[in-house]
Amino acid sequence: MTIHLVLGGARSGKSTHAEGLAKSQLLNATHQDLKLHYVATAQPFDDEMKMRIKHHQNKRGQQWQEHEVPIHLAKIVSGFNAKDVVLIDCLTLWLNNIIFHLGDNVTEQQVQTEIDRLLSSLDETDATIILVSNEVGLGVVPLGEVSRLFVDHAGWMNQKIAVIASHVDFIAAGIALTLKPQK
């Protein structure tokens, strides 16, 4: 199992960096039967988001097996094996989807249960997993209760994944800073 966490702000270059990491796994592979998987968590709620998703799909090309997974991330992670290189983009969109899906009466425990399911699936997989997530801890504390719930859990989720990750990069202005080097 290899888990690589890529953190950064909006438009920092984290997705491009993560895609490069995934492709390099194929180039450095000792066997040629590795498969590239792109697990996208974005949901096309409006025309602008539909255009963004289409643009990203076209930019990636045909070498990726695409998976649209806005909610059930733990389940799909559990289905990958040692021959799979999986890029999951992005965890903070996934967390937003979870909170939205659970509705106005969402509880901290419900959100934590979903994060724990994801952590468990990551801990059990033999696949190479590259995770993209926004670093939310650099801004001010949000005003609304649901916004604070999101920021709190996104930060805690990133911290827990960083603990189990073999490598963590922080991306700013398209430049990677290694926070946790590969051992």
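The values are calculated or read from the model by the stated rules, or taken from the named source; none is laboratory data. Note that this is a predicted model, so its numbers are computed, not measured. Methodologically, a virtual Cβ is constructed for each residue, glycine included, from the backbone with ideal geometry; neighbour enumeration extends over all protein chains shown. Protein only, heavy atoms only, side chains kept; ligands, DNA and RNA dropped before computing areas. Shrake-Rupley method; radii C 1.70, N 1.55, O 1.52, S 1.80 Å.
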Based on this model, can you work out whether T113 counts as β-branched (V, I, T) and either outside any strand (DSSP E or B) or touching a residue at least 24 places away in the same chain (Cβ under 8 Å) (or both)? yes
Is it the case that L95 is at pLDDT 95 or above and closer than 17 Å to G9 by Cβ? yes
Exception for L122 within (1) in contact with a helix residue (DSSP H, G or I) (Cβ under 7 Å, 6 or more places away or on another chain); (2) open to solvent by 20 Å² or more (accessible area, probe 1.4 Å) falls at (2)
Among the residues of segment 37-57, the number that are out of contact with any Pro (no Cβ under 9 Å at 6 or more places or on another chain), closer than 12 Å to L93 by Cβ and open to solvent by less than 40 Å² (accessible area, probe 1.4 Å) is 1
- [ ] Can you confirm whether segment 172-183 contains a residue that is β-branched (V, I, T) and touching a residue at least 60 places away in the same chain (Cβ under 8 Å)?
- [x] yes
Checked segment 130-171 for anything touching a residue at least 60 places away in the same chain (Cβ under 8 Å) and either exposed (fewer than 15 other Cβ atoms within 10 Å of the Cβ) or part of a loop (DSSP other than H, G, I, E, B) (or both); matches are E135, L138, I164, A165, S166
Across (1) under 18 Å from the mean Cα position of the chain (by Cα); (2) farther than 19 Å from L95 by Cα, D33 clears everything bar (1)
Restricting segment 12-33 to residues that are of a type outside the set (S, T, Y), modelled with pLDDT under 90 and outside any helix (DSSP H, G or I), the one least open to solvent (accessible area, probe 1.4 Å) turns out to be A29
Only one of (1) assigned to a loop (DSSP other than H, G, I, E, B); (2) over 24 Å from A165 (Cα atoms); (3) open to solvent by 30 Å² or more (accessible area, probe 1.4 Å) does not apply to V106, and that is (3)
Note on segment 58-84: residues in a helix (DSSP H, G or I) and surrounded by 12 or more Cβ atoms within 10 Å (Cβ to Cβ) are R60, L73, A74, K75, I76, V77, S78
Going through segment 93-139 in order, the residues found to be of a type in the set (V, I, T) and touching a Ser or Thr at 6+ places or on another chain (Cβ under 6 Å) are T128, V132
The residue from I88, I98 that alone is surrounded by 20 or more Cβ atoms within 10 Å (Cβ to Cβ) and either under 12 Å from the mean Cα position of the chain (by Cα) or at positive phi (or both) is I88
When T113 is run through (1) polar (S, T, N, Q); (2) surrounded by 18 or more Cβ atoms within 10 Å (Cβ to Cβ); (3) more than 13 Å from the chain's Cα centre (by Cα), the failure sits at (2)
